[in-house]
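Q: Let me give you the structure first, and then I'll get to my questions.
The values are calculated or read from the model by the stated rules, or taken from the named source; none is laboratory data. Since the structure is predicted, the reported quantities are computational estimates derived from the model, not experimental observations. Cβ placement follows ideal geometry from the backbone for every residue including glycine, while neighbour counts extend to all protein chains displayed.
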Amino acid sequence: MKTIISVILPTLLITACHAGSPKLQPLASDAVVLAFGDSLTFGTGASPEKSYPAVLQQIISRKVINAGVPGETTAEGRARLPKYLDSYQPALLLLCLGANDMIRGLDEKVAAENLTAMIRMARERGAQVVLIGVPRPTVFASPPEFFREIADESSVPYLKNAMGDALKDPGLRSDLIHPNARGYRKLAEDIAAFLRDNGAL
């Protein structure tokens, strides 16, 4: 019995070490974080200073650029991203796009290709990436599986449920698809905890 345990236990420990998200490099105190997305990043449903990027900047003591554009699709974001990467040279990209593709019934395979291309763009410029899952635009829905597939294929940390958690509670949202100020604060706190857990802070 002891022999079996001595073989199984190290195997379980090794598996556990590799089961979590890919780790991030620590962010320097002067690092720039680029929060890139649509209205969920822009902060629709709250005042600008209550958006998740604004709150996150206060929590992590790093400059966080709010690069959210309401109504943007992944195709539009893919076209826009290079300018922001070149202008701000972020150490970390927080990528949160896809809601408008789903609302408009656009091809999810194309959305996945666009997100993958954006991850590649960021990495080519030396930025780390965290992919933030976006739930389908229905109450209590989870992000489509393609978010997980992108994260696995690109080996980037994936924050799956933070946005959904901020939208499930009626007290945390301004409408069915946008958080309110309290919801954005919860989202910012969840992102900060995720960054700490994955080595960025």
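Q: Going by the structure shown, is Thr73 under 18 Å from Glu153 (Cβ atoms) and at pLDDT 95 or above?
A: no
Table: residues versus (1) outside any helix (DSSP H, G or I); (2) modelled with pLDDT under 95; (3) more than 23 Å from Asp190 (Cβ to Cβ); (4) touching a Leu at 6+ places or on another chain (Cβ under 7 Å).
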{"site": "Ile14", "(1), (2), (3), (4)": "no, yes, yes, no"}
{"site": "Cys17", "(1), (2), (3), (4)": "no, yes, yes, no"}
{"site": "Gln25", "(1), (2), (3), (4)": "yes, no, no, no"}
{"site": "Phe36", "(1), (2), (3), (4)": "yes, no, no, yes"}
{"site": "Thr44", "(1), (2), (3), (4)": "yes, no, no, no"}
{"site": "Pro53", "(1), (2), (3), (4)": "no, no, no, no"}
{"site": "Arg78", "(1), (2), (3), (4)": "no, no, yes, no"}
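Q: Which one is nearest to Ala141 (Cα to Cα), of the residues in region 158-201 that are in contact (Cβ under 8 Å) with a residue 40 or more places away in the chain and among the basic types (Lys, Arg)?
A: Per the criteria, the residue is Arg173.
Q: Looking at this structure, is Ser29 over 18 Å from Pro143 (Cβ atoms), hydroxyl-bearing (Ser, Thr, Tyr) and either assigned to a loop (DSSP other than H, G, I, E, B) or at pLDDT 95 or above (or both)?
A: yes
Q: Which one of these does Ile191 not meet: (1) surrounded by 19 or more Cβ atoms within 10 Å (Cβ to Cβ); (2) over 20 Å from Leu92 (Cα atoms)?
A: Failing condition for Ile191: (2).
Q: To continue, here is another question. Glu108 - would you say it is within 26 Å of Gly199 (Cβ to Cβ) and of a type in the set (Asp, Glu)?
A: no
Q: Could I ask something else about it? Just checking, does region 132-145 include any residue being of a type outside the set (D, E, K, R), part of a helix (DSSP H, G or I) and surrounded by 13 or more Cβ atoms within 10 Å (Cβ to Cβ)? Break it down stepwise before answering.
A: Here is the first cut: in region 132-145, the ones of a type outside the set (D, E, K, R) are 132-135, 137-144.
Subset that is part of a helix (DSSP H, G or I): none.
The answer is no; no qualifying residue exists.
Q: Further question on the same structure: Give the residue, chosen from Glu124, Glu153, that is surrounded by fewer than 16 Cβ atoms within 10 Å (Cβ to Cβ), closer than 30 Å to Ala28 by Cα and touching a residue at least 24 places away in the same chain (Cβ under 8 Å).
A: Glu153 is the lone residue from the list that is surrounded by fewer than 16 Cβ atoms within 10 Å (Cβ to Cβ), closer than 30 Å to Ala28 by Cα and touching a residue at least 24 places away in the same chain (Cβ under 8 Å).
Q: While we're here: Looking at region 159-201 only, could you name the residues that are among the basic types (Lys, Arg), outside any helix (DSSP H, G or I) and within 15 Å of the chain's Cα centre (by Cα)?
A: Lys160
Q: Another one. Return yes or no: is Arg148 over 20 Å from Arg80 (Cβ atoms) and part of a helix (DSSP H, G or I)?
A: Here the answer is yes, as Arg148 does meet what is asked.
Q: Would you check if Ala99 is over 13 Å from Asp38 (Cβ atoms) and buried (at least 21 other Cβ atoms within 10 Å of the Cβ)?
A: no
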